[in-house]
Amino acid sequence: MKKLIIANWKMNPPTLKKAKELFSATTNYRLQAKNAEIVIVPPFIYLSELLKIKNSPKQSTLATGQIKLKIGAQNIFWATEGAYTGEISPKMLKDLYVDYAIIGHSERRKYAAETDEMINKKVIAALKESLKVILCVGEPLEIRKKGKKAAMDFVKNQLQKDLKGLKGKLLSNKLIIAYEPIWAIGTGISATPETALETIKYIKKLLITNYQLLTPRVLYGGSVDSKNIKGFLQHNEIDGALVGGASLNAKEFKKIVELTNKIN
Ligand code: PEP
């Protein structure tokens, strides 16, 4: 299966002009290989303009090579429409031809006080609209310090709540899990490939036994860059990476994509 590389721009860059420049620099080159799929996830406000660039016939993007290029959203709301000031629905995103939605990112759990119950409603709403879900789970440092069992229990508990009522066909081909230990996000201290691998294997086992997924896709996220990407992705079980900070530097992101492409 192709490795999935997701660029989470978070609340960057600060202007539309800069967002267009970053998008073009990130995607405007041809890469003739088949081992990667790219998803760019900009702030909501830039989605329409970037989709126009992506779909313009002139743009010689990754999409014109053999690499797939898709666009995602950083969040969604669970209702389709109505009196929910400031929110964006999965239907609105589908209407723009957005394919993916990140749900439950730890920054939203922290700064927007998103609970597992809210995240569960969002996952259900996204799947109803056939948006592909990138569900983020991962333990904080105080839990990791207690050892690997505590970290795995934490993640299991998040999955249990976030995926409540969902399994099998409802999820297959639409659910991607990003294992993102909170202590590794934006800190420059990534998990070791071994820690990522053992947690991802555990998550896959849960997805197969408890959620009847045949071929679960699980990514690693947390201070990924061009220096450490190979260490993670050389393992078959790690299906890709969620890249934050490093995706804001087009050259660095291009290196990550190229290195991913070379992995068999
Ligand atoms: C993220 O945004 O999910 C992330 C992993 O960020 P960073 O790569 O900057 O750690």
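Structure above, values below:
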read-out	value
Restricting the range 4-57 to residues that are touching a Leu at 6+ places or on another chain (Cβ under 8 Å), part of a helix (DSSP H, G or I) and in contact (Cβ under 8 Å) with a residue 40 or more places away in the chain, the residue that is surrounded by the most Cβ atoms within 10 Å (Cβ to Cβ)	27
The lone exception for residue 199 - which of (1) within 16 Å of the ligand (Cβ to nearest atom); (2) in contact with a His (Cβ under 9 Å, 6 or more places away or on another chain) it fails	(2)
Extreme residue, farthest from the ligand (Cβ to nearest atom), among residues of the range 221-245 that are surrounded by fewer than 20 Cβ atoms within 10 Å (Cβ to Cβ) and under 25 Å from residue 20 (Cβ atoms)	226
Where residue 178 falls short, out of the listed (1) open to solvent by less than 20 Å² (accessible area, probe 1.4 Å); (2) touching a helix residue (DSSP H, G or I) at 6+ places or on another chain (Cβ under 8 Å); (3) within 10 Å of the ligand (Cβ to nearest atom); (4) within 19 Å of residue 103 (Cα to Cα)	(2)
Among (1) open to solvent by less than 60 Å² (accessible area, probe 1.4 Å); (2) away from the ligand (no atom under 16 Å from the Cβ), the one test that residue 83 misses	(1)
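The values are calculated or read from the model by the stated rules, or taken from the named source; none is laboratory data. Source: prediction; values computed, not measured. Methodologically, a virtual Cβ is constructed for each residue, glycine included, from the backbone with ideal geometry; neighbour enumeration extends over all protein chains shown. When the accessible area is computed, the model is the full protein with side chains, heavy atoms only, and any ligands, DNA or RNA have been set aside. Shrake-Rupley method; radii C 1.70, N 1.55, O 1.52, S 1.80 Å.
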